[in-house]
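Novice: The structure that follows is given in the form of structure tokens.
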Amino acid sequence: MTDTDHSLLRATEIIRRAKAEKAQRPSIAGFFDEATNTVTYVVHDPATCEAAIIDSVLDFQAASGRTSNGSADLVVEYVRKHDLTVTWILETHAHADHISAAPYLQERLGGKLGIGRDIIRVQEVFGKLFNAGTDFERDGSQFDQLFDDGDCISIGSIEGIALHVPGHTPADMAFIFGDAAFVGDTVFMPDFGTARADFPGGDAGELYRSIRRLLSLPNETRLFLCHDYKAPGRDEYAWETTVKQQREENVHVRDGVTEEEFVAMRTGRDKELPMPKLIMPSVQVNIRGGRLPEPEENGVSYIKIPVNAV
Ligand SMILES: [Fe+2]
């Protein structure tokens, strides 16, 4: 964070304005995928019916290698039922635990596909790991828009901004529309804590700074999370919270926890976590904007698993 964080000031203005003017507050629907604990959001402007879809899920059976569209079709159904025009399909980052349904949704609903500019760094790392050929472009060209910190983004008449919040991966973005912030894999519910920071290019200190930056937004900012795993003593899934609640209650990063304390906790915990079940298929597909690797000459796409390389 620089001395004057202009993006954060702008984000604060947008949130304050939305609190004062109802027309600047988006309608939000969350779709929870129990197989991957992921929440997909459809965010729309009630005045113009323009919408963004954030972090979609393509169903994937790892054992049989079959994809299906049940989760994505719920989103399509909702968009059609409410007569929404999709202007954006957004990824908060290249997910390692589920495959994105962005191409499937884009084909049916339109909209521009956007992700953080540093996806290029992620493509570099995983392009090497999977020994992808030169046909795999490492320039983000699989996406329609690459966002930088502070870029404006709107849905209809609702103002928004993109914030770069690296740490979980180098490319993580948070998207703010009106008074709602979609924070991807940074914080989770206050009783669960935070995202892991041990993937290639991840960094616990950077994650701490990104989270504390988000938590310096106005207290009443609504935060929408990318995942939920329940937590000891809680039987229901939940994915919405506020800056105030996180600052008071987050078990990893509430006010008073120092960067040093966080980094020690996070790195210790990450050592014990298994790799996500779908990391190999997810990463290979998501760095291609949700498209499967080019089919081989028999017309079939293959997902690789690097042996003894990770
Ligand atoms: Fe993630």
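Novice: Please specify each residue of the range 30-59 satisfying the condition of being surrounded by fewer than 17 Cβ atoms within 10 Å (Cβ to Cβ) and either of a type in the set (Val, Ile, Thr) or more than 21 Å from ASP97 (Cα to Cα) (or both).
Specialist: PRO46, ALA47, THR48, CYS49
Here's the yes/no breakdown for (1) β-branched (Val, Ile, Thr); (2) over 30 Å from ARG16 (Cβ atoms):
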residue: ALA197; (1), (2): no, yes
residue: ASP203; (1), (2): no, yes
residue: ALA238; (1), (2): no, no
residue: GLY256; (1), (2): no, no
residue: MET280; (1), (2): no, yes
residue: VAL283; (1), (2): yes, yes
residue: ASN286; (1), (2): no, yes
residue: LEU292; (1), (2): no, yes
residue: ILE305; (1), (2): yes, yes
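Novice: So which of ALA94, ALA72, ALA51 ends up being modelled with pLDDT of 95 or more and within 16 Å of the ligand (Cβ to nearest atom)? Break it down stepwise before answering.
Specialist: Details: ALA72 fails: within 16 Å of the ligand (Cβ to nearest atom); ALA51 fails: within 16 Å of the ligand (Cβ to nearest atom).
Every option except ALA94 fails the conditions.
The values are calculated or read from the model by the stated rules, or taken from the named source; none is laboratory data. None of these values were measured; they are calculated from a predicted model. Note: ideal-geometry Cβ built from the backbone for every residue, glycine included; neighbour counts use all protein chains shown.
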